[in-house]
């Protein structure tokens, strides 16, 4: 009895009662069958990671902050390789509590722990894409019962005779619908570019890092857009009611004292929001009323309040028109008679407002305007029979 032969791919023989030749084709088939059973195990042990694509949706962008925030502080196997945009193998860590995305993707720098340094890799590789995505980024539903996105301000900071900065706070929630359950958020904010100054750093973003310790933003002033991602890191919630995400700053051109921009409205619009809550680990509904979140007057500055509103005709009979420019809402107009009795109250909007005078006795009246900052001005009108 003897054996002759060699490795896989060769002919094996056994000599005893006869000679049996096993063809190399049969041996190959056996090996392939064995590899077929082993493939799922091997696949489960490693994944391919592009440094900076923390959610493996095929792109490095601010939405990767959401997954880094969820996995922040967690540890796993170290990944070898560089930080270049290339598919590097790494041993799996296990799925994130947020989704079926493996937590190893959040370790963008391959150090074996998810930390702030991973955001630097996302920033470096922002806008890079690949074709091995296994996750599709979804966005928060826009429904009237959702958490409202609102804008606070604006605050106007003069920067000279012909430039000023508009500072707008980005807020989530209201007194009635609080944003307590918000854990992290990413979105794209659109703004007007018509009056932006032609200079570096014309758009700035200051994150509220007291509530959201980590974040990234990508400025695209030529597109009139900024992309923002921010997150908490300890899987606990802080704050109730209205949550201040941060402040957007826009440097604009115009002579505030001369009121060049007195009639200008700054349009802001949030699109593609992804806001996640901690309690149910799901996307939270967001409310975007009328698909336009704010129209903010930015032309107020040093011009006297008396020059920012006009009343006519005067004298008047049945109605007057009050035109308001360069004022911050909310506004209030109060009409009082000659002995100081309050006869009418209106809450006008910026622009032209028609006020009805029906039912008023002929005579002299005083129209008082109160601005959002508490300043007041008055104009006298004569009501004819």
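The values are calculated or read from the model by the stated rules, or taken from the named source; none is laboratory data. These numbers were taken from a predicted model, which means no experiment stands behind them. Ideal geometry is used to build each Cβ from the backbone, glycine not excepted, and the neighbour counts take in all protein chains shown.
Taking only pairs six or more apart or across chains, which ones have beta-carbon atoms under 8 Å, a first residue in segment 204-233 that is exposed (fewer than 15 other Cβ atoms within 10 Å of the Cβ), and a second residue that is in a loop (DSSP other than H, G, I, E, B)?
Listed by first residue and then by second, the contacts come to 222/193.
So, of the residues in segment 124-173 that are at positive phi and surrounded by 13 or more Cβ atoms within 10 Å (Cβ to Cβ), which turns out to be nearest to the chain's Cα centre (by Cα)?
The extreme case among them is 173.
Residue 176: surrounded by fewer than 17 Cβ atoms within 10 Å (Cβ to Cβ), within 28 Å of residue 244 (Cβ to Cβ) and outside the structural domain of residue 87 (by TED's automatic domain parsing), yes or no?
It is true that residue 176 is surrounded by fewer than 17 Cβ atoms within 10 Å (Cβ to Cβ), within 28 Å of residue 244 (Cβ to Cβ) and outside the structural domain of residue 87 (by TED's automatic domain parsing).
Taking into account only those residues within segment 121-149 that are assigned to a strand (DSSP E or B) and closer than 13 Å to residue 273 by Cβ, which is modelled with the lowest pLDDT?
Once the filter is applied, the top-ranked residue is 142.
For the structure I just gave you, tell me whether residue 157 is outside any loop (DSSP other than H, G, I, E, B), free of Cβ contacts under 8 Å to residues at least 12 places away in the same chain and in contact with a strand residue (DSSP E or B) (Cβ under 7 Å, 6 or more places away or on another chain).
Values: outside any loop (DSSP other than H, G, I, E, B): yes; free of Cβ contacts under 8 Å to residues at least 12 places away in the same chain: yes; in contact with a strand residue (DSSP E or B) (Cβ under 7 Å, 6 or more places away or on another chain): yes.
Considered against the rule, which asks whether it is outside any loop (DSSP other than H, G, I, E, B), free of Cβ contacts under 8 Å to residues at least 12 places away in the same chain and in contact with a strand residue (DSSP E or B) (Cβ under 7 Å, 6 or more places away or on another chain), residue 157 comes out as yes.
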